[in-house]
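Enquirer: Supplied in structure tokens, the structure appears directly below.
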Amino acid sequence: MGLRVSIVLPTYNERGNIEPLLAQLLPLGEQWDLEILVVDDDSADGTAELVRQLAHDEPRLRLIRRVGRSGLASAIKEGLLDATGDFVLVMDSDGQHEPGSVRRAIETLEAGGADLVIGSRFHPEAQILGLSDRRETGSTWANASARFSLPKRYAHLTDYMSGFFALRLEPLLPLIRGVDVNGFKFLYELLAVSRGRLSTAEVPLTFQPRTYGSSKLDLAIFWDFLISILHTLSFRLLPRRAISFGLVGLSGVAVQLLITQLFMALWGLGFEQALPIGVISAASSNYLINNALTFRFARLKGILLLRGLFKFLLVASLPVMANVGLASAYYSLIAPNVFWAQLAGIVVVFVWNYAASSRFVWNTPN
């Protein structure tokens, strides 16, 4: 029993799933020196309390309860960095990953030749029992996009979005440290930062239906995926938040153009009178969308949301004036073109808005 294996289970509101999962995983201790780490994001349903109770009688079980920090990718990273095994396996805690696949993944690593073994839902021998048609279609599209953005050495892989993978811990620790925990999927980010240096293999999964709880998939997850793809395609030179802020800014362009045009067409205002209304409307729209997506881990709520809007408009007031002044000057002195006049002002203020609002509104580094 010389090989030490760690299993990392990120959890959030999985009380109904975690105990039967642990009951299936603990017997693996008969084959390996086993360690199971449950990394819980301060679940409201008592997941952490249940795991702590179980750990009283099971020394192979460890609880890492995170308060004030959250997110699947960061939970996985923290579990990997805290693990003590020679090999570490990460799997979902919702019961959709069949525990029997753990043995196959670890044995594939033991056989040598692979740094990373991925459990694939789309392997020719895999079975998908717990994925809706909509999610399966979305996963297929996401995998195709990931394949396009990642190094060609990984083109043979079939499931870049998998939450089930095993790796050799010691040689991969530098890469694990470099993974951006704001990314869409930890596995995708690991492959991206590795730049094609990893030897990989896949094992088929039997993907089970979820027994308790509901999927964590939402709009923010899809947004993170889009940002991850663009971040990789930019050779990871542009900050993820800057990319997200820029995309939100594009929506603000549309809002400003629409509002300005409406006030000119419906209320008969001149361009110089309608433009400030469009600029303020766009700034408010940008703030609300950025709060929901770009800075959602520092999301403001309630009175703090209103206070944040005031601070955002205050921070943006200087570039707002620059936006209006530059656009008006372009319109009056260069060309009476409403679209290009506004675009000239918008481009000038982007960098200031991103840097200043990151620091003073959401109190996060750029």
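Enquirer: Conditions first: (1) modelled with pLDDT under 70; (2) open to solvent by 60 Å² or more (accessible area, probe 1.4 Å). Arg307 passes all but one, so which condition is the exception?
Expert: Single failed check for Arg307: (1).
Enquirer: In region 145-160, which residues are out of contact with any Gly (no Cβ under 8 Å at 6 or more places or on another chain), within 24 Å of Glu107 (Cβ to Cβ) and either of a type in the set (Lys, Arg) or surrounded by 19 or more Cβ atoms within 10 Å (Cβ to Cβ) (or both)?
Expert: Leu157, Tyr160
Enquirer: Let me ask something additional. Quick check on region 291-299. Is at least one of its residues open to solvent by less than 30 Å² (accessible area, probe 1.4 Å), assigned to a helix (DSSP H, G or I) and basic (Lys, Arg)?
Expert: No, every residue in region 291-299 fails to be open to solvent by less than 30 Å² (accessible area, probe 1.4 Å), assigned to a helix (DSSP H, G or I) and basic (Lys, Arg).
Enquirer: Next question. If you go through region 89-100, how many residues are more than 30 Å from Gly113 (Cα to Cα) and modelled with pLDDT of 95 or more? Let's see the steps before the verdict.
Expert: The initial filter retains those residues of region 89-100 that are more than 30 Å from Gly113 (Cα to Cα), namely 94.
In the following step, the residues that additionally are modelled with pLDDT of 95 or more were identified as none.
The total comes to 0.
Enquirer: Looking at the structure I just gave you, is Ala274 over 16 Å from Ser358 (Cβ atoms), in contact with a helix residue (DSSP H, G or I) (Cβ under 6 Å, 6 or more places away or on another chain) and either open to solvent by less than 50 Å² (accessible area, probe 1.4 Å) or of a type outside the set (Ser, Thr, Tyr) (or both)?
Expert: Numbers: over 16 Å from Ser358 (Cβ atoms): yes; in contact with a helix residue (DSSP H, G or I) (Cβ under 6 Å, 6 or more places away or on another chain): yes; either open to solvent by less than 50 Å² (accessible area, probe 1.4 Å) or of a type outside the set (Ser, Thr, Tyr) (or both): yes.
The answer is yes for Ala274.
Enquirer: Follow-up. Run down Ser199, Ser93, Ser120 and say which single residue is crowded, with 22+ Cβ neighbours inside 10 Å, in contact with an Asp or Glu (Cβ under 9 Å, 6 or more places away or on another chain), farther than 29 Å from Ala298 by Cβ and of a type outside the set (A, V, I, L, M, F, W, C). Before you say what the answer is, go through the steps one by one.
Expert: Working: Ser199 fails: crowded, with 22+ Cβ neighbours inside 10 Å; Ser93 fails: farther than 29 Å from Ala298 by Cβ.
The match here is Ser120.
Enquirer: Of the residues that sit in region 109-165 and are in a strand (DSSP E or B) and modelled with pLDDT under 90, which one is nearest to Phe222 (Cα to Cα)? Show your work before the answer.
Expert: Of all residues in region 109-165, those in a strand (DSSP E or B) come to 116-120, 127-128, 165.
Filter once more, keeping what is modelled with pLDDT under 90: 127-128.
Numbers: Gln127: 24, Ile128: 21 Å.
That would be Ile128.
Enquirer: What are the residues in region 162-210 that are among the aliphatic types (A, V, I, L, M) and over 21 Å from Gly100 (Cβ atoms), if any?
Expert: Step one: filter region 162-210 for residues among the aliphatic types (A, V, I, L, M), giving 166-167, 169, 172-173, 175-176, 179, 181, 187, 190-193, 198, 201, 203, 205.
The answer is Leu169, Leu172, Leu173, Leu175, Ile176, Val179, Val181, Leu190, Leu191, Ala192, Val193, Leu198.
The values are calculated or read from the model by the stated rules, or taken from the named source; none is laboratory data. Predicted model, so just to flag it, every value in this text is computed and none were measured. Methodologically, a virtual Cβ is constructed for each residue, glycine included, from the backbone with ideal geometry; neighbour enumeration extends over all protein chains shown. Remember, those area values only see protein heavy atoms, side chains included, never the ligands or the DNA or RNA. Shrake-Rupley method; radii C 1.70, N 1.55, O 1.52, S 1.80 Å.
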